[in-house]
Amino acid sequence: MLELTAAHIAKTFNRRNIFRDVSFTLKEGTSLTLTGRNGSGKSTLMKIIAGVLTPSRGSVVLNDDGKTIPSSDHYRYFGFVSPYLQLYDEFSGEENIRLVQEIRGLPAEQSTIDGALADVGLAGRGGDLLRTYSSGMKQRLKYAAALVHRPRILLLDEPTSNLDEEGKAFVHRAIERQKGQGILILATNERDELSLCDAVITLGDPAGGKEGL
Amino acid sequence: MDMTLLKFLLFFWLAGVILAAFAFPIVPSPRHWNEFPVIPGLEDKARILFFHVPMSWTAVVAFIISMISAIRYLVRKNGNDDIVSAASAGLGLLFCVLATVTGSLWAKFNWGSFWNWDPRETSIAILLLIYGAYFALRSAIDGEEKRAMLCAVYAILAGVTMPFFIFIVPRIVASLHPEPIVNSQGKIHMNPTMLTVFLASLAGFTALYFWMLRLRIRTMKAEILSLARADAA
Amino acid sequence: MFRSIGPVLAVMRKEFRSELRTRYALNALFMFVVTTLAIILFAIGNENASSEVLSGVLWIIIFFSTMSGLSRTFITEEERGTGPTLQLLTRPLTIFIGKFIFNTVLLFAINLLTVALYLLLLTNYQIRSYDIFITIMALGTVGLSATSTILAAIVAKANTKGTLYPVLSFPLLLPLLLSVINATKMAADGARFLDALGEYQVLISYSVVIFTASVLLFEFIWKD
């Protein structure tokens, strides 16, 4: 049983407090939505949880069946889709997925790659350079890269940006699947996405705004 | 400890050193306690020894302290360590400039030109470049935490290359630096009077550095506090 | 530890493939070397420059080539937003070593070109002891790459990247440059292989020290 705990996370930047004390625990099969005004720190918190940003105070703890995972290994558990995590323009969709798997040290069979591309509706476009993709296609490829290693924790920052109806439907399917098997954290301001998860934390609200936890 | 008392003590100490450095007569065979021997080739110009060497020494001490604070910052992530590191670097830069200038003056009077590519001259100039690079880096980064982190790393990298300067550079170019002070056996061959004034100067300049460091750290902290208040208002 | 070799090689392969596709660094470096050599040739003209001067000039060209080419690998990650993506794929050290190997190979290639053109075009500059020369080129390239790679990581996170890189690199590279220029001069003058033993020792210890420090410090630079 995987458990993700955010313990008293605070972040200041140039002496300005972005948030002061964020704490929550998520177990496998639960999900969380982060919401708040622009600039309230949703993306910052997501980055801290994923381990690509260091908090000013507090820490993120991962427990797998009672064993604490060292923070240097946290990256293995996460899949992260966000507007500021890019893939490589000069490579094709297929090459991007392959290199992502190879750098992870995971098998990069052709069937795996084809499957990942098909899952996001990019079958047949895998051979084209990322440079030629539309923004919607790039978003789909980000999902492919994040989901191909079946992450136990999925972080989605603005999950449906740039996506058409079909793309949004796919994302909602992926969200449901993850909710069943793993941990899911969503950051969004879209009204209709607010109720997708078990609980909601509103950042920037002095009362803390933690509901449902 | 009463800081005002120490301040005056330091003032008189350094005043005494400067007085002794300039006023003590240089005679061929010193017999009185306050006489310096003649060093062939240097004579009166030897007086600069009392200033140039302590300044160089202080510039190096400042750098070492800067580096140690940098290591502490990386370990503890405490902003104070970054302040000490930067404050020390600033003072180190000052003493380094003074050392280079006094060294050049000596070079001009002794060997006719301001710059000779002597390894020690070169080493102090390299230290100057390192300080300059440190501050160039400091001013090129937004975000306090990132700035502190990257500067700490650079200070440590620079510190790690220091031994190479001290031991390797002198090997390559024959030295013009006089060796009346410490020879290869590590013995000190200096007249007792000169030695006393020299060591007093060394101690005085080091104390001056620490006092200035304290002041600078307080100033930097006060600046940060006032900026924080302005932000909050 | 050994299962990290796969990811390290994967990072390295990505760098090579990316460079071969876009050729940003290769093109710029090639033109840089050719242009600089042309300037040197015009500047020297018919004068007979000593082997000391010409040994030094060779390494000046190499130093500036290094500055032109080796920062690209980190700066592009930062500018394109692929840095955090990489962070989620593997440990920081894997990324550093992968990029270091890439930078070293790239520098070897550039230096090979530079040396070949240099010896070809400057006809009064001859290397008499090739054993010293080749050893020095190899050791010097590794050392240059080590320092330049870690500093490229630092500069990538700063604002004024282009001008900052040589300013930070030069003081740290001085011991290496002095050593390598001296040994190159010895090679030009026809010294015996073991005469330059002191320089080999300096270069090897320099590379070891910088590499070790880089391995320990990289994570602090890489993680925001």
Legend entry - Subset of the range C:50-75 (residues that are touching a residue at least 12 places away in the same chain (Cβ under 8 Å) and either over 25 Å from C:P171 (Cα atoms) or of a type in the set (G, A, S) (or both)): C:S51, C:S55, C:G56, C:S65, C:S68, C:G69, C:S71
Legend entry - Count of the range A:76-97 residues which are in contact with a Pro (Cβ under 9 Å, 6 or more places away or on another chain), more than 7 Å from chain C (Cβ to nearest Cβ) and surrounded by fewer than 22 Cβ atoms within 10 Å (Cβ to Cβ): 2
Inset, instruction - Scan (1) more than 14 Å from every other protein chain (Cβ to nearest Cβ); (2) surrounded by 24 or more Cβ atoms within 10 Å (Cβ to Cβ); (3) over 17 Å from C:N103 (Cβ atoms) for the single condition C:T123 breaks and write down its number. - result: (2)
Inset, instruction - Confirm whether C:V167 is touching a helix residue (DSSP H, G or I) at 6+ places or on another chain (Cβ under 7 Å), crowded, with 21+ Cβ neighbours inside 10 Å and of a type in the set (V, I, T). - result: no
Legend entry - Looking only at the range C:165-194, and only at residues there that are β-branched (V, I, T) and touching a residue at least 12 places away in the same chain (Cβ under 8 Å), the one that is farthest from the other protein chains (Cβ to nearest Cβ): C:T184
Inset, instruction - Scan (1) more than 20 Å from C:I221 (Cβ to Cβ); (2) more than 9 Å from chain C (Cβ to nearest Cβ); (3) crowded, with 16+ Cβ neighbours inside 10 Å for the single condition A:R57 breaks and write down its number. - result: (3)
Inset, instruction - Starting from the range C:78-91, keep only residues that are more than 7 Å from chain A (Cβ to nearest Cβ) and over 17 Å from A:E102 (Cα atoms), then list their pairs with residues that are in a helix (DSSP H, G or I) and modelled with pLDDT of 90 or more whose Cβ atoms are within a distance under 6 Å, requiring at least 6 positions of separation or different chains. - result: C:E78/C:A156
Legend entry - Of all residues in the range A:60-75 being within 22 Å of C:I5 (Cα to Cα) and in contact (Cβ under 8 Å) with a residue 12 or more places away in the chain, the one that is surrounded by the fewest Cβ atoms within 10 Å (Cβ to Cβ): A:S71
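Per-residue answers, yes or no, for (1) assigned to a helix (DSSP H, G or I); (2) buried (at least 16 other Cβ atoms within 10 Å of the Cβ); (3) not acidic (D, E):
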site: C:V11; (1), (2), (3): yes, yes, yes
site: C:R17; (1), (2), (3): yes, no, yes
site: C:T35; (1), (2), (3): yes, no, yes
site: C:L41; (1), (2), (3): yes, no, yes
site: C:E52; (1), (2), (3): yes, no, no
site: C:S68; (1), (2), (3): yes, yes, yes
Inset, instruction - Residue by residue through the range C:85-139, note down the ones that are of a type in the set (D, E, K, R), under 26 Å from A:Y75 (Cα atoms) and in a helix (DSSP H, G or I). - result: C:K99
Inset, instruction - Confirm whether C:M137 is away from chain A (no Cβ under 14 Å), in contact (Cβ under 8 Å) with a residue 24 or more places away in the chain and touching a Pro at 6+ places or on another chain (Cβ under 6 Å). - result: no
Inset, instruction - Please report, ordered by residue number, the strands (runs of 3 or more DSSP E) entirely within the range A:98-208 with at least 2 residues that are at pLDDT 90 or above, touching a Phe, Trp or Tyr at 6+ places or on another chain (Cβ under 7 Å) and surrounded by 14 or more Cβ atoms within 10 Å (Cβ to Cβ). - result: A:153-157
Inset, instruction - Working carefully through the options C:S129, C:S148, find the one that is under 30 Å from C:G81 (Cβ atoms) and among the small types (G, A, S). - result: C:S148
Legend entry - Residue selected from the range C:195-211 under the condition over 12 Å from C:G140 (Cβ atoms), at the interface with chain B (Cβ under 10 Å from one of its Cβ atoms) and over 15 Å from the mean Cα position of the chain (by Cα), by the criterion surrounded by the fewest Cβ atoms within 10 Å (Cβ to Cβ): C:Q201
Legend entry - Selection count where residues are in contact with a strand residue (DSSP E or B) (Cβ under 8 Å, 6 or more places away or on another chain), within 14 Å of chain B (Cβ to nearest Cβ) and assigned to a strand (DSSP E or B), scope the range A:1-50: 5
Legend entry - Failed item, numbered, when C:A43 is tested on (1) at the interface with chain A (Cβ under 10 Å from one of its Cβ atoms); (2) hydrophobic (A, V, I, L, M, F, W, C); (3) over 21 Å from A:E90 (Cβ atoms): (1)
Inset, instruction - Kindly indicate the residue of the range B:63-90 that is touching a Phe, Trp or Tyr at 6+ places or on another chain (Cβ under 6 Å) and crowded, with 21+ Cβ neighbours inside 10 Å and also farthest from B:E145 (Cα to Cα) among those meeting that condition. - result: B:A89
Legend entry - Failed item, numbered, when C:T184 is tested on (1) within 27 Å of C:I44 (Cα to Cα); (2) touching a Pro at 6+ places or on another chain (Cβ under 7 Å); (3) not hydrophobic (A, V, I, L, M, F, W, C): (2)
Inset, instruction - Report yes if C:F218 is in contact (Cβ under 8 Å) with a residue 24 or more places away in the chain, within 13 Å of another protein chain (Cβ to nearest Cβ) and crowded, with 19+ Cβ neighbours inside 10 Å, otherwise no. - result: yes
Inset, instruction - Answer yes if at least one residue in the range C:145-164 is in a helix (DSSP H, G or I) and away from chain B (no Cβ under 14 Å), and no otherwise. - result: yes
Inset, instruction - Taking the options C:L112, C:L117, name whichever one is within 20 Å of C:S51 (Cα to Cα), out of contact with any helix residue (DSSP H, G or I) (no Cβ under 6 Å at 6 or more places or on another chain) and surrounded by fewer than 18 Cβ atoms within 10 Å (Cβ to Cβ). - result: C:L112
Inset, instruction - Could you list all residues from the range A:13-37 that are surrounded by fewer than 18 Cβ atoms within 10 Å (Cβ to Cβ) and closer than 23 Å to C:T85 by Cα? - result: A:F13
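The values are calculated or read from the model by the stated rules, or taken from the named source; none is laboratory data. Remember, predicted model here, so these are calculated numbers, not experimental data. We place every Cβ from the backbone using ideal geometry, glycine too, and count neighbours over all the protein chains shown.
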